[in-house]
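> My structure is below; once you've seen it, I'll send some questions.
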């Protein structure tokens, strides 16, 4: 038998150095995304400097750069997000509840599940074509906000479903048992125990989904949101445009001033996005931390 | 025996797929007594308990045959809704599982979902008193249940079950996640409760059965080896296997 000192070579210094190296690697991985984002933001804010003012926010688009504004696109985006949310959130959560709480494990169930994952990966332009066929033509909704919102809702639906499913799965089984043992029906268990506990996780998915929807242009192009409109939509059946399409429209113009205006539009888009996410994050934090495993 | 049997179990068999975990159990649970079910891990004692309020229905692929009569009525009859059974037979689980709600709301949950029309605050207070928790929580009923200690949480779960005024209370190793002091408090609570209802308790802890149970059932490999008064069974066991188990030779 050898002595301990002869068979172990702890090399603590080397191991500690490795610890530090990996910590730096992981930290710099964060810097990649963050620094590019900051660079981009810096450039956009600089480009838009002087153009982002009240006149810009309260005016309609124009051929003349100094008169151009983004008002209809702001309304269009906000309305579109409301319709998208009203459609995708209840539908997505209801689908997730069915898949997690009601459906029996079967081949058919896993077939549905795989297809939900697949739907999340379909190029967004395909949703645009789908929306054009189903909502604009078949349901005769026209090139309206409603058609656009429903199309966008379909696009983000898989994300909402999958994240809601994960949130539901994270609710401890012991809580469901507690409810059943008190004579709760399935729906009472879902409504009063599962949903309240899963809500914070669901909100995370909703944030992701709406953040994606707010920046999408491709699915709205076939729907016909590209129109250069000079009115604010008054009903869900009116035509509309949204921020990313308006921005895209400006970047494709030859005059240099319009590039600055596009930058100003991007800043507006980011502000709307941040406002929307802040609300969701506020709600999530309000409900989070109530459930802890014992 | 001439005592009233609240639950009568006849030839109860449970199997998961091809594996039979309960092999024809016959057992009488007497009213206003504490019956302990003991046995080594995997002997089927938790399964047996779950058959008594049809929580077994929630287990994937469990098949039940035989009869369980609750006050003379077969709870496995197709006419009986499991939700009704659970309304009459309360259950407390191994790990405390309060809802992420306030202390008050936890106790009020059962009455609320079952359409209680009386004075809810009075019912909550009564249930918490029965569970021996009222004095500790009366000033913070709106606090989240997770702010309580593990032992308090378990007594809260007992109070939650009592709020439905059940006829039978099932306890599935209620102290296995608790420290000795909390265990003692829960045992006191249980002993106090048998005045009002019938208690069936699964325990891993032989001493606990000896301390609190009036009757003890010893289960081994899905079969009931011996059943009788605890005092008799722990002094003069009839079966050699019972003797080996309670003296700690296996299990």
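The values are calculated or read from the model by the stated rules, or taken from the named source; none is laboratory data. Quantities reported herein were computed from a predicted structural model and do not represent experimental measurements. FYI the Cβ positions are ideal-geometry reconstructions off the backbone, even for glycines, and counts take in every protein chain you see.
> Only one residue in B:68, B:64 is away from chain A (no Cβ under 14 Å), closer than 27 Å to residue B:30 by Cβ, in contact with a strand residue (DSSP E or B) (Cβ under 6 Å, 6 or more places away or on another chain) and surrounded by fewer than 22 Cβ atoms within 10 Å (Cβ to Cβ), so which one is that? Give the steps one after another, and end with the answer.
Working: B:68 fails: surrounded by fewer than 22 Cβ atoms within 10 Å (Cβ to Cβ).
Just one listed residue meets the conditions, B:64.
> A further question on this structure: Just one of B:121, B:149 is at pLDDT below 95 and surrounded by fewer than 22 Cβ atoms within 10 Å (Cβ to Cβ); which is it?
On the way: B:121 fails: at pLDDT below 95.
Testing whether each residue is at pLDDT below 95 and surrounded by fewer than 22 Cβ atoms within 10 Å (Cβ to Cβ) leaves just B:149.
> Report yes if some residue within segment A:139-160 is free of Cβ contacts under 8 Å to residues at least 24 places away in the same chain and either assigned to a helix (DSSP H, G or I) or within 14 Å of chain B (Cβ to nearest Cβ) (or both); otherwise report no.
No, segment A:139-160 contains no residue that is free of Cβ contacts under 8 Å to residues at least 24 places away in the same chain and either assigned to a helix (DSSP H, G or I) or within 14 Å of chain B (Cβ to nearest Cβ) (or both).
> Report those helices (runs of 4 or more DSSP H) wholly inside segment A:1-82 carrying at least 2 residues which are under 23 Å from residue A:257 (Cβ atoms).
On the way: elements: A:4-7, A:12-48, A:54-58.
Answer list for segment A:1-82: A:12-48, A:54-58.
> Separate question: Return a yes/no flag: does segment B:163-171 have any residue that is within 11 Å of chain A (Cβ to nearest Cβ), touching a residue at least 40 places away in the same chain (Cβ under 8 Å) and more than 30 Å from residue B:37 (Cβ to Cβ).
Filtering segment B:163-171 for residues within 11 Å of chain A (Cβ to nearest Cβ) gives B:163-164, B:166, B:169-170.
Restricting the remaining residues to those that are touching a residue at least 40 places away in the same chain (Cβ under 8 Å) gives B:163-164, B:166, B:169-170.
Restricting the remaining residues to those that are more than 30 Å from residue B:37 (Cβ to Cβ) gives none.
No, because not a single residue in segment B:163-171 is within 11 Å of chain A (Cβ to nearest Cβ), touching a residue at least 40 places away in the same chain (Cβ under 8 Å) and more than 30 Å from residue B:37 (Cβ to Cβ).
> Now for a separate question. Could you grab me the full set of residues in segment B:76-114 that are assigned to a loop (DSSP other than H, G, I, E, B), crowded, with 21+ Cβ neighbours inside 10 Å and at the interface with another protein chain (Cβ under 7 Å from one of its Cβ atoms)?
The answer is B:93, B:96, B:97, B:99.
> Here's another thing I want to ask about it. Kindly provide the set of residues from segment A:179-229 that are away from chain B (no Cβ under 14 Å) and at positive phi, ordered by number. I'd like the intermediate steps shown before the answer.
To start, the set of residues in segment A:179-229 that are away from chain B (no Cβ under 14 Å) comprises A:202-229.
Hit for segment A:179-229 is A:224, nothing else.
> Which members of segment B:214-232 meet the condition of being touching a helix residue (DSSP H, G or I) at 6+ places or on another chain (Cβ under 9 Å) and over 24 Å from residue B:21 (Cα atoms)?
Matches in segment B:214-232: B:214, B:230, B:231.
> Return the only residue of A:18, A:24, A:37 being closer than 30 Å to residue A:206 by Cβ, out of contact with any strand residue (DSSP E or B) (no Cβ under 8 Å at 6 or more places or on another chain) and at pLDDT 90 or above. Show your work before the answer.
Values: A:18 fails: closer than 30 Å to residue A:206 by Cβ; A:24 fails: closer than 30 Å to residue A:206 by Cβ.
Only one candidate qualifies: A:37.
> Answer yes if at least one residue in segment A:212-223 is within 30 Å of residue A:171 (Cα to Cα), surrounded by fewer than 17 Cβ atoms within 10 Å (Cβ to Cβ) and under 23 Å from the mean Cα position of the chain (by Cα), and no otherwise.
Taking every residue of segment A:212-223 in turn, at least one turns out to be within 30 Å of residue A:171 (Cα to Cα), surrounded by fewer than 17 Cβ atoms within 10 Å (Cβ to Cβ) and under 23 Å from the mean Cα position of the chain (by Cα).
> Still on this structure, I have one more. Checking residue B:125 against (1) touching a residue at least 60 places away in the same chain (Cβ under 8 Å); (2) over 20 Å from residue A:181 (Cβ atoms); (3) part of a helix (DSSP H, G or I): exactly one of these is not met. Which one?
(1)
> I need the full set of residues from segment B:40-61 which are within 14 Å of another protein chain (Cβ to nearest Cβ) and on the phi > 0 side of the Ramachandran plot, in order please.
Hits for segment B:40-61 are B:54, B:61.
> Continuing with the same structure: Determine which single condition residue A:34 fails, assuming it passes every other condition in (1) within 23 Å of the chain's Cα centre (by Cα); (2) in contact (Cβ under 8 Å) with a residue 60 or more places away in the chain; (3) over 30 Å from residue A:150 (Cβ atoms).
Checking residue A:34 against (1) within 23 Å of the chain's Cα centre (by Cα); (2) in contact (Cβ under 8 Å) with a residue 60 or more places away in the chain; (3) over 30 Å from residue A:150 (Cβ atoms), the one that fails is (2).
> Could you tell me how many of the residues in segment A:97-131 are touching a residue at least 12 places away in the same chain (Cβ under 8 Å) and within 14 Å of chain B (Cβ to nearest Cβ)?
So the count comes out to 2.
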